[in-house]
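The values are calculated or read from the model by the stated rules, or taken from the named source; none is laboratory data. Remember, it's a predicted structure, so these values are computed and weren't measured experimentally. Don't worry about glycine lacking a Cβ; one is built from the backbone with ideal geometry, like all the others, and counts go over all protein chains shown.
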């Protein structure tokens with residue numbers, strides 16, 4: 001059977017890559033600490049020696065559009081190109097290419113559909129910074145095959161938070177039951193409170209530090225029930241107009257189960273709070 | 001329709017510049033030539049019914065991001081395109097984004113609905 005060796009839930013900050021490359025005398029004051037925290041977080045993946053990465057993210061209106069918008073989609077392709085012209089333009093993100101693991105993609109699609117998720121699929125998916133950012137942070141050598149899983153946190157009507165948790169729980173079951181003898185890591189990225197294109201954007205902190213503090217507690221403690229009791233599609237408008245990206249964290253809580261994170265860290269930046277969580281479902285020595 | 005305009009302009013470097021320099025003419029061209037293209041369909045099978053309202057035409061034609069917000073344009077699309085077009089006009093980092101936010105300061109929750 002496959003072994004789920006690590007579950008990583010993190011924010012994806014598109015400016016990390018560019019910031020991390022700045023010479024110290026040109027870097028903003030928060031850069032050194034940010035890089036240190038990311039490098040430390042990277043070790044939580046590195047030391048578990050994964051063979052394949054299941055990557056949870058959300059297309060930001062790059063390939064998926066309103067004429068045909070899936071709620072949940074799994075890529076099944078031998079390769080995935082990454083990043084788009086407007087991500088190079090705005091964030092300085094380079095283009096890159098991933099290998100895919102089609103066997104795992106096919107398995108997750110077949111079994112996922114049979115367990116109640118009518119998953120869309122793509123045989124030619126160009127992934128965006130929701131998938132590439134965690135590669136830059138936790139696997140910069142980009143040497144492992146991936147299975148991209150996209151969720152719709154962006155174009156309402158959206159699935160409800162409970163559905164994200166359930167998909168995470170289903171992915172966990174399926175990976176645990178996958179007959180291949182491979183070490184799997186699941187890496188998902190989302191947001192805490194976030195405002196984009198609204199009056200509260202780009203403030204000195206995330207738009208709702210109180211929500212961020214509660215969210216960090218829910219995630220770090222594996223408090224799925226507490227999170228679900230306090231988070232609805234409507235309530236997520238209040239902390240910031242892009243906070244529905246928090247539902248990708250909720251999906252990752254579903255993958256991790258009712259367990260405290262083995263690693264939890266965060267960093268209060270302008271505009272948003274960065275957060276880094278890892279679970280070792282089969283122990284740190286697996 | 002607002003979103004479709006913002007989306008298709010933002011992904012095309014030449015259109016970004018064209019819209020920045022001459023919004024009214026670019027908008028008129030786009031409405032006539034591009035509005036009814038189904039993006040994931042071949043060119044012979046266009047839609048037949050898409051056009052802007054007067055309010056939408058006015059907001060896009062005057063680069064009025066506040067009106068676009070009011071009309072329910074997706075804020076991520078508007079912001080991304082505005083950064084591409086106007087960040088270069090500001091001297092300080094994030095000055096454009098903070099000015100953009102300040103002009104929206106009179107909006108309180110709930111914001112205009114962006115559901116399509």
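Just one of the numbered conditions (1) surrounded by fewer than 16 Cβ atoms within 10 Å (Cβ to Cβ); (2) under 16 Å from residue A:241 (Cα atoms) is not true of residue B:104: (1). Just one of (1) farther than 25 Å from residue A:276 by Cα; (2) more than 18 Å from the chain's Cα centre (by Cα) fails for residue A:108. It is (2).
Only one of the listed residues (B:90, B:76, B:69, B:86) is over 18 Å from residue A:86 (Cβ atoms) and surrounded by 15 or more Cβ atoms within 10 Å (Cβ to Cβ). That residue is B:69. Does any residue in the stretch B:87-116 that is under 16 Å from residue B:69 (Cβ atoms) and facing chain A (nearest Cβ under 10 Å) come within less than 9 Å, Cβ to Cβ, of a residue that is surrounded by 10 or more Cβ atoms within 10 Å (Cβ to Cβ) and modelled with pLDDT under 95 six or more places away or on a different chain, and which pairs are these? That search, which allows pairs on different chains as well, returns B:97/A:202; B:97/A:271; B:98/A:202; B:98/A:203; B:100/A:202; B:101/A:202; B:101/A:203. Close Cβ contacts (under 7 Å, 6 or more residues apart or on different chains) running from residues in the stretch A:56-81 that are at the interface with chain B (Cβ under 10 Å from one of its Cβ atoms) to residues that are surrounded by fewer than 16 Cβ atoms within 10 Å (Cβ to Cβ) comprise A:65/B:39; A:66/B:116; A:67/B:38; A:67/B:39; A:67/B:40; A:68/B:40. For residue A:121, the stated conditions hold: it is surrounded by fewer than 21 Cβ atoms within 10 Å (Cβ to Cβ) and either within 20 Å of residue A:4 (Cβ to Cβ) or touching a helix residue (DSSP H, G or I) at 6+ places or on another chain (Cβ under 6 Å) (or both).
With respect to the conditions (1) farther than 22 Å from residue A:86 by Cα; (2) within 13 Å of chain A (Cβ to nearest Cβ), residue B:8 lacks only one, and its number is (1). Is at least one residue of the stretch A:255-268 out of contact with any strand residue (DSSP E or B) (no Cβ under 7 Å at 6 or more places or on another chain), surrounded by 20 or more Cβ atoms within 10 Å (Cβ to Cβ) and in contact (Cβ under 8 Å) with a residue 12 or more places away in the chain? No, the conditions are met nowhere in the stretch A:255-268.
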